[in-house]
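Please treat every number below as a calculation from the coordinates, not as lab data. Source: prediction; values computed, not measured. Glycine also receives a Cβ, built like all others from the backbone with ideal geometry; neighbour counts cover every protein chain displayed.
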Amino acid sequence: MLVYLEMLEKNHWILQLKLLKGAFSAGHSYNSLKLALSKPGITVYSLPKPPPLQPGDNVVIGIGLASKPDFGANLPEFSLSVMQDCLVDFIVTNDEAINIIECPAFY
């Protein structure tokens, strides 16, 4: 669990485990979880009460004190012509169709 927790924090992954979501919702930070889980006999099922958050403590986005990012902030206003332009740009730059045709699993 410690390795997953470290990778979660390092790579800014989206948290999927309900047990850890519960721990963050209860007030734990990455640091307090890592400290608690490194102690003998402590598991995610038997976590102690979380300590007060310290400056610099990281919490999961959307849980605790952090705020959710606005993923739609930089999106253009929707229109059919803008969508067509975006699709053309994607098709031209991605070259996915060629990769699929050349893939042995395609045959």
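Side notes on the structure shown:
- Cβ-based net charge around residue 34, under 14 Å, with every Lys or Arg adding one and every Asp or Glu removing one: -1
- Using the Cβ of residue 24 as centre and a radius below 13 Å, the other residues enclosed give a net charge of +1, where K and R count +1 and D and E count -1.
- Directionally averaged shadow of segment 1-62, computed from the convex hull of its alpha-carbon atoms, nm²: 4.0
- Whole-Hz Karplus values for segment 21-31 come out as 4, x, 5, 5, 5, 6, x, 6, 10, 4, 4 Hz, taken residue by residue from phi with 6.51 cos²θ - 1.76 cosθ + 1.60 and θ = phi - 60°; glycine and proline positions read x.
- Close amide H pairs (under 5 Å, H built 1.01 Å from N) link residue 17 with no residue at least 5 positions away or on another chain.
- Mean Cβ count within 10 Å, highest first, over the residues of peptides 12-24, 39-51: 12-24, 39-51
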